[in-house]
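Everything on this sheet refers to the single structure shown next.
The values are calculated or read from the model by the stated rules, or taken from the named source; none is laboratory data. Since we're looking at a predicted model, the values are computed, not measured. Cβ placement follows ideal geometry from the backbone for every residue including glycine, while neighbour counts extend to all protein chains displayed. The area values use the complete protein model at the heavy-atom level, side chains included, leaving out ligands, DNA and RNA. Shrake-Rupley method; radii C 1.70, N 1.55, O 1.52, S 1.80 Å.
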Amino acid sequence: MERVRIRAAFSRFDSDNSGQISLDELGDLCAELGEELSQRDLQKALLRLDTDGSGQLSLAEFERWWSLQADEALGDQLVQVALRGRNAVEDDDIFAAAWRGDLETVQEFLERDASLVAAVDNTEFGDSNTALHYAAYRGHLDLVQALISEFRAPVNARNAAGCTALFQASQQGQTEVVQLLLRSGARINIGESARGLSAIDVAATPEISEALLKGCDTSLPRPLTQPPSVVCPTFGTVEVSWSYRGQDQAQGRSLPISGFKVQLLRSSRPLFSDSSEQETDASDHEESKSTGPESDGDLIREVDVRGSDQCMVPICGLRVAFRVEARVAPYNASGVGEWSSASASILCASAPTVSAAPTVSAAVRGAVKVAWPRAASNGSKITAYVLYATQEEFGSWELVEEFAANVRETVMSDMAPGMYRFRVAAVNRIGKSEHGPESLPIKVAGRTSCPPPTRERRRSSAWSGGTANSRRTLA
């Protein structure tokens, strides 16, 4: 292995790849390793090292120098250069040699340990590249050929980013390397991990694109086998997700998937099975009166999702309540494939939002007036408001009453003395909101000293207020 590293050092300092180290290259070598030599000293050094009188250092002469086989004749300066140089190349490995394009050094590494052909670079910036990745990236055609034909390098190995040697050669404009990899069985439809881009998507030149497309199966991609799914996490936003298995890509000759088209459609189904509710309160959302894309027919919006690995997309800004469904079609360089079946329809709405606290004021002795603002319906008409109260002496929140949607105030009478706070939740056909903010505390100077009632006694004196419009108490 020492000989391999010495040869690697020779290749590194043979900057013109002549197979010889000239006087100037010897000067650069010594300077880099900490020994600045004058022109006269360089000439003396070369005379000592150049045993065949050629005026340059051959590989054999360089090996003799760096292996210190004649250290007594070399002099202190040349011995120090050799020692420092050997220390500097101790970390040389097959990956560094492949990056340099040092075919001979790579071959020696692999002759000693054939498994290195599939080894990955796990150093800090190695990104799990193989020797083939480095050689293809740098365009070392002869080294790529040797790695594949002599040492059976895995042509479709992926690095930490999901890139193959073909991807890197295509991206770097290495046309001859791309052609060689294709002849050797490299698959064009392997996408990198971040966005699913393939070698075709990143081709640096038209020549490389043409080479990649030549002989491909250029048919449209197959459709999804299952319809997508749609959820509405918040009012105005739906998330469409799907899974996709395209053509049998074992041979790697089908065009890679470039992305997906996603269509959001207005469903013909009624909002609710009993058709008893309008879509939303127009006073809640002025957008409900708009004539934007949501009102122009079945198609609400179409989204282009680039890359083959991304199989979910949020669609935002849908400010009118209606039932929606989605369908998805994959596309490649030949065009858009067949649309999938439509998803199950969902209502583009969510539970209400209560963003303001109730206001409280004293009515008469032992009574409090509680009023609350209108909640955001989020696409489904408010059906009820639910009032909660707590007396600071006892701490826990108690449900007071459920009120009809058109009731937004009540008077609580005959209350026990103490400090009270109130909060409200709203209900629509989708569900109940989170509790809104708490009111400011209010002190009640009541005529009794009884504690707040339990849930079983809710109809008794402490919460006996309410209005004629109040509805049933929630269980």
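Listing for the model above:
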{"item": "For Ile430, distant residues with modelled amide H under 5 Å away", "result": "none"}
{"item": "For Phe235, solvent-accessible area (1.4 Å; no DNA, RNA or ligand), Å²", "result": "20"}
{"item": "Eligible lysines near Lys443 by straight Cα distance, threshold 27 Å, same-chain separation 8 or greater", "result": "Lys369"}
{"item": "Ala404 paired with Glu434, simple spin-label distance in nm, labels 7 Å along Cα-to-beta-carbon", "result": "3.1"}
{"item": "Carbon and sulfur %, accessible surface of the stretch 301-356 computed with the full protein complex present, 1.4 Å", "result": "47"}
{"item": "Protection proxy ranking of 115-125, 371-381 - average other beta-carbon atoms within 10 Å, highest first", "result": "371-381, 115-125"}
{"item": "Proximal lysines relative to Lys381, as straight alpha-carbon distance under 25 Å, when same-chain residues fewer than 8 apart are discounted", "result": "Lys289, Lys432"}
{"item": "Stretchable slack from Ser67 to Val79, in nm (0.36 nm times residue separation minus alpha-carbon distance)", "result": "3.3 nm"}
{"item": "The stretch 91-152, accessible area per residue, ligands and nucleic acids excluded (1.4 Å, Å²)", "result": "48"}
{"item": "Heavy-atom accessible area order for His435, His140, largest first, 1.4 Å probe", "result": "His435, His140"}
{"item": "Inter-label distance, nm, simple model (7 Å from Cα along the C-beta direction), Ala362/Met312", "result": "5.4"}
{"item": "For the stretch 14-54, the spread of Cα positions along each principal axis, largest first, Å", "result": "23, 21, 13"}
{"item": "Fraction of accessible area attributable to carbon and sulfur, the stretch 191-237 (%, probe 1.4 Å)", "result": "53"}
{"item": "For the stretch 310-367: accessible area per residue (Å², 1.4 Å)", "result": "40"}
